[in-house]
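Here's the structure, in structure tokens; my notes come after.
The values are calculated or read from the model by the stated rules, or taken from the named source; none is laboratory data. Everything numeric here is computed off the predicted structure, so don't read it as measured data. Cβ placement follows ideal geometry from the backbone for every residue including glycine, while neighbour counts extend to all protein chains displayed. With ligands, DNA and RNA removed, areas are computed over all heavy atoms of the protein, side chains included. Shrake-Rupley method; radii C 1.70, N 1.55, O 1.52, S 1.80 Å.
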Amino acid sequence: MFMPTTSTFTKEYIQEKLATDTRWVERALIVLHDRQTAEEQENQATHNRNGRGFNGRDAGYLSYCAEWVKKGNHISGKHAESCGKSLKKYWRQILEEIEVKQGVSQAEPIEAQ
């Protein structure tokens, strides 16, 4: 299986995957939801402007969808499309999580292709 390098994960690459790959949408929902505070997760709302998780406008719907996926369900159809479209703006947070998972230091520059 092809494992992209960190230089593969550009803004465009991440946004394209969110627009076309439901697995990316589901994983992004979980990762971003996990970045919310416990209170934000419980209330499905954003209370802190900390640049983590969902913004205030998206928090309700995307938190609902994230919880749906966390229960073992899958996103499909219009929900997958709507979530993918909304998640595109969170590409930088998604990249941060990819870097953490791959052990890339935040200080290392990421090459754009």
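Miscellaneous remarks
- Of all residues making up region 51-99, the number that are among the acidic types (Asp, Glu) and in contact (Cβ under 8 Å) with a residue 12 or more places away in the chain: 4
- Residue check for GLU99: open to solvent by less than 20 Å² (accessible area, probe 1.4 Å), modelled with pLDDT under 90 and either in contact with a His (Cβ under 6 Å, 6 or more places away or on another chain) or in a helix (DSSP H, G or I) (or both): no
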